[in-house]
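Below is one structure, written out as structure tokens; comments come after it.
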Amino acid sequence: MTFRSPHVTVFPDARTAASVVAARLAAALRERPALVLGLPTGRTPVALYAELVKLTAATGLDWSSVTTFNLDEFVGLEGTHPGSYRQFMDAHLFRHVDIPDGRINFLQGTAVDTEQECQRYEHAIMAAGGIDIQIAGIGTNGHIGFNEPGPALQSRTHRAILREETRRGNAALFGGDPAQVPAEALSMGMATILQARAVILLAHGSSKAGCIERAVNGPLTTDLPASFLQLHHDVDIVLDAAAATELKIG
Ligand code: GLP
């Protein structure tokens, strides 16, 4: 028996990848109605959320006992701000499935004491029994959530300063203007993410090919936070063909 984690699966296109992951999540949800999910934002999970919404309408998936924790949120934004990740999640998933509002967990970007807010989030994850499945995307610089590359990483939920490329990557939420993207965010740390029982990382497109190769086969390095996924025993990396073009599968 060969054991390998991260386990990598490549699909011809992003849509097929999304429907396979949606089917896996639907099966997990049927098996465990009180599933605890960690959720990402970004362009990548949009197709996954659309597929989940479709499956829910077609098969009556019951989300009423599900608990969710989003990975991150911008500092200074209310959840009602159109650029907030909370609004993104409402638009793509929460408005379409029956998760009770009290089971939807978000970091509060407007918290006065952000350190306390990060601790509150860690405790809330623990109190929910931990995350069963953490879904994640990846930034072109190898970030997950807002764990940015640098000389050091903070392991737990923390306040992060965003890099220029990350602000550019998020500009679409702010009318295309990177200067409007908040300079800071609150984010689960890599240890928080790695504590989930399973992790599914999605990546699409050729702009992710380099960081995917380094995340899977490169050394563990704070220069590429996603490389720390190699420490986890149950990571699935789900790619479209373009994101797999630099991958050396040995
Ligand atoms: C943001 C999010 C990340 C996400 C990344 C990639 O910076 N904080 O969680 O993975 O964008 O986004 P996209 O899927 O749009 O490439």
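The values are calculated or read from the model by the stated rules, or taken from the named source; none is laboratory data. The model shown is predicted, which means the values in this text are computed figures rather than measured ones. Note: ideal-geometry Cβ built from the backbone for every residue, glycine included; neighbour counts use all protein chains shown.
Within the option set Arg95, Arg86, being charged (D, E, K, R) and either surrounded by fewer than 17 Cβ atoms within 10 Å (Cβ to Cβ) or more than 14 Å from the ligand (Cβ to nearest atom) (or both) holds for one residue only, Arg95. Output yes when any residue across region 212-222 is at pLDDT 95 or above, out of contact with any Lys or Arg (no Cβ under 7 Å at 6 or more places or on another chain) and under 28 Å from Leu77 (Cα atoms), and no when none is. Yes, some residue in region 212-222 is at pLDDT 95 or above, out of contact with any Lys or Arg (no Cβ under 7 Å at 6 or more places or on another chain) and under 28 Å from Leu77 (Cα atoms).
Of the residues making up region 99-128, those that are within 23 Å of Ala160 (Cβ to Cβ), in a helix (DSSP H, G or I) and within 20 Å of the chain's Cα centre (by Cα) number 10. Count of region 134-178 residues, restricted to those that are more than 12 Å from the ligand (Cβ to nearest atom), among the hydroxyl-bearing types (Ser, Thr, Tyr) and surrounded by fewer than 19 Cβ atoms within 10 Å (Cβ to Cβ), is 1.
Checking Val10, Val46, Val53 one by one, the residue that is modelled with pLDDT of 95 or more, surrounded by fewer than 20 Cβ atoms within 10 Å (Cβ to Cβ) and within 18 Å of Gly139 (Cα to Cα) is Val46 and no other. Of the residues screened, Ala209 is not one that is crowded, with 21+ Cβ neighbours inside 10 Å, among the small types (Gly, Ala, Ser) and either more than 15 Å from Phe69 (Cα to Cα) or touching a strand residue (DSSP E or B) at 6+ places or on another chain (Cβ under 6 Å) (or both). In the set Leu77, Leu61, Leu71, Leu52, only one residue is under 17 Å from Leu202 (Cα atoms) and either more than 16 Å from the chain's Cα centre (by Cα) or within 15 Å of the ligand (Cβ to nearest atom) (or both); that residue is Leu71.
Do we find that Ile237 is surrounded by fewer than 22 Cβ atoms within 10 Å (Cβ to Cβ), in contact with a strand residue (DSSP E or B) (Cβ under 8 Å, 6 or more places away or on another chain) and either of a type in the set (S, T, N, Q) or not in a helix (DSSP H, G or I) (or both) in this structure? Against the criterion (surrounded by fewer than 22 Cβ atoms within 10 Å (Cβ to Cβ), in contact with a strand residue (DSSP E or B) (Cβ under 8 Å, 6 or more places away or on another chain) and either of a type in the set (S, T, N, Q) or not in a helix (DSSP H, G or I) (or both)), Ile237 does not qualify. If you go through region 10-49 and keep only what is among the acidic types (Asp, Glu) and within 16 Å of the ligand (Cβ to nearest atom), you end up with just Asp13.
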